[in-house]
Ligand code: PLP
């Protein structure tokens, strides 16, 4: 299965030719961006043969495909990853050096494809990498947003959102596929016609507006196996080609409306993470890409198959959260209205095709659409959901006669709303959570009624990450050290890392491992110096919390603890304190006021501390602007401590936690999400665990009894830190600035329960855990061993394992192999 040999001369020739053809320039005249484009086209050429060969092989074998349907794919940069997976990274590096180009500078020209918010979107990207690497036929289905996740600037300590015009220089890896364009219809009404011959009603949507969905294909390169799968993301264009006649009839207004609909629909990714906003345009986006993807999946099937009732034998839809759940109704619509199946036939196909992944239990994230909006926008789809609901409610009533409470809690349509999770569960053949703890909470708390009625649907698939991007590409020094010690099989078989365990007590290996960590810290320190103008000492402990800014993730707990440490150092200047650099990176949703205020607080604390010469650089606080996949790779590689401090029960899994572990950073965290499994793998003694358990949190939430004001009154250190939120210590120009945060912890105004996320409850045990971190770090050999054990025990968290479990237990796909001629 050897891949084609890289031809350096040919590659250089091609880069030069590309610069000429694309820009009419010689190499020397081209800008770095132009060089990036030229190199990318040359790499794309290396991909194309494999892409064709893969499609050919799939055509021949007629395999079952998984359609991974997701509103988000947080792909990051493609060039470096493609070179890694083609196993030509070092060859290209050498070739570029020969013509005076620096591969790092070239890679740095590429904008991140940031078509996602955070964990959920990045999970989808890791899954595509694993699917291709393991050789499973798959399509990613999504939206080609013109503007992805906003770029974050920090001005005067505040987050400012800047549009992410990622396509402005063109995207060298994508292919436009107009031949697969589809029409997607919105609005209008449904006309019912009775056909005497067949004795059936036929439903026709009329008076609608429509848009043309045009797919762009993105190659997903498997690691060293010739396989190239496809991420298919849809762009919207005006429908004019389909319906020129509306102009002919002088229906100019309608034509303009369709033009506007097309322009708006894929304009921008909603920047909300774990939060439902209920915007009409968002529902349009959902239906737009789902309708196009389902139509395409059916069309592809029908090319080679006559019996649509067997569709599920060749296709399965994995719904990444509830965002794509309208696929259930869209598939029903196509089967009923276009393929002429009966309801029961269509339902059998649909309920054997769709599977649902739940990503959260937080109430504010659950999608519920008002029926007024839903039925106006998608009249026929809504009718179908009503019928699904009618039948589902009948099933509930049959199983629990007279128990109206069950219907109230489980119906798909209730209280004037369409509940997307209920639809996904009722229709799906599989419902999975994303970490053991999360799945248990789903089964026994949040989705208890559904679990009791249909236990066979529920299963766990603990998330994972791809080591190709987050170790091989992101941390080349550690990657080659590992390969030197245990060979390179870990690249596609991560549990091999456990072979490193024999080195964890070896002083030489310890020193090498920590020296690599040091060099990665120097690399990050340079980045921080360049981007923040802050000098940080790579010998200090790099204590890192990078993830979306969310109250449940508790960046606030972290910064309040920094304020507490600063008080300690000021009070006891002689105190023996190991220098610490607290590094934050986090985007807040544009409309999330309290999250944005927390960013301001972090930056305000940073300003005071970083400019206080009296503490002699013992403490530094850095907020890295615009946290995204590309800088994440460097940040994980440089971290000493991984902050995973969510309120227990709130973080479904987390995947950042796994990336830190892989790169040798012990977890400082709560028993939440996949942290539980990380600790299970590495041992409690190689992590720093603190705080309330999920059961304790849930118990407080259900039964009350939590009183943060008692903690405030009895713990003078905590009290002092909270008072500093309102005495102008960090806001001399406006002492009231952080009042909202203070109030949220002590509930002096709002009617919500105070300190919703149990920050004061966990503060002391967090501070104690931090103390343990410091003590452990002083023991150089002990720390090296702990860091190495984290890497060595991270094998479980590869997305290759996760995908294999999806394949074995849900999708039942067959592995493909592809040879190139
Ligand atoms: N954002 C980016 C850019 C990431 O790389 C990750 C890592 O998984 C996440 C968000 C999710 O982080 P977490 O699991 O810590 O929320």
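Read the figures in this text as sums done on the coordinates, not as results from a lab. Values in this document were obtained by computation on a predicted structure and should not be read as measured data. Cβ coordinates were reconstructed from backbone atoms using ideal geometry, including for glycine residues, and neighbour counts include every protein chain displayed.
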### Query
In percent, how large is the relative contact order of the stretch 501-804, given Cα pairs closer than 8 Å and 6 or more residues apart?
21 percent
#### Entry: Segments 222-231, 199-208 sorted - mean Cβ within 10 Å per residue, highest first
222-231, 199-208
### Query
Nearest 0.05, what FRET efficiency do residue 594 and residue 197 give at R0 = 45 Å with Cβ-Cβ as r?
0.10
### Ranked packing of 303-315, 472-484, most packed first, by mean Cβ within 10 Å
472-484, 303-315
### Task
Sort 486, 106 so the one with the fewest other Cβ atoms within 10 Å of its own Cβ comes first.
486, 106
### Message
At 0.36 nm per residue, and after removing the present C-alpha to C-alpha distance, how many nm does the segment from residue 28 to residue 499 gain when stretched out fully?
### Response
164.8 nm
### Task
May I ask you to derive the relative contact order of the chain, considering only C-alpha pairs under 8 Å and at least 6 residues apart, and to give it as an integer percent?
14 percent
### Query
Using a simple spin-label model with points 7 Å from Cα along the Cα→Cβ vector, what separation in nm is obtained for residue 575 and residue 6?
5.1 nm
### Query
Over the Cα atoms of the stretch 501-804, how large are the radius of gyration and the largest Cα-Cα distance (Dmax), in Å?
18.8, 59
### Message
Rounded to the nearest 5, what % of DSSP beta bridges with both residues in the chain are antiparallel?
### Response
45 percent
### Query
Two-decimal Rg/Rh of the chain from alpha-carbon positions, Kirkwood Rh?
0.97
### Message
Taking the beta-carbon count within 10 Å as an exposure proxy, list 293, 210 from fewest neighbours to most.
### Response
210, 293
### Message
Rounded, prolate or oblate, given the Cα gyration tensor of the stretch 446-570, with a/c below 1.5 counting as rounded?
### Response
oblate
### Query
From the Cα gyration tensor of the stretch 405-469, with a ≥ b ≥ c the square roots of its eigenvalues, which class applies: rounded if a/c is under 1.5, or else prolate if a/b is larger than b/c, or else oblate?
prolate
## Note on the structure
Gyration tensor on Cα atoms of the stretch 37-141, a ≥ b ≥ c root eigenvalues, a/c under 1.5 rounded, else prolate if a/b beats b/c, else oblate, says oblate
### Task
Kindly rank 658-667, 329-338 from highest to lowest mean number of other beta carbons found within 10 Å of each residue.
658-667, 329-338
### Message
Can you give the FRET efficiency to the nearest 0.05 for residue 752 and residue 440, using r as the Cβ-Cβ distance and R₀ = 30 Å?
### Response
0.65
### Query
By how many nm would the segment from residue 607 to residue 779 grow when fully extended, if each residue of separation counts as 0.36 nm and the alpha-carbon distance is taken off?
58.8 nm
### Mean residue ellipticity (222 nm) of the chain, computed from DSSP H runs ≥ 4 via -39,500 (n - 2.57), nearest 500
-14000 deg cm²/dmol
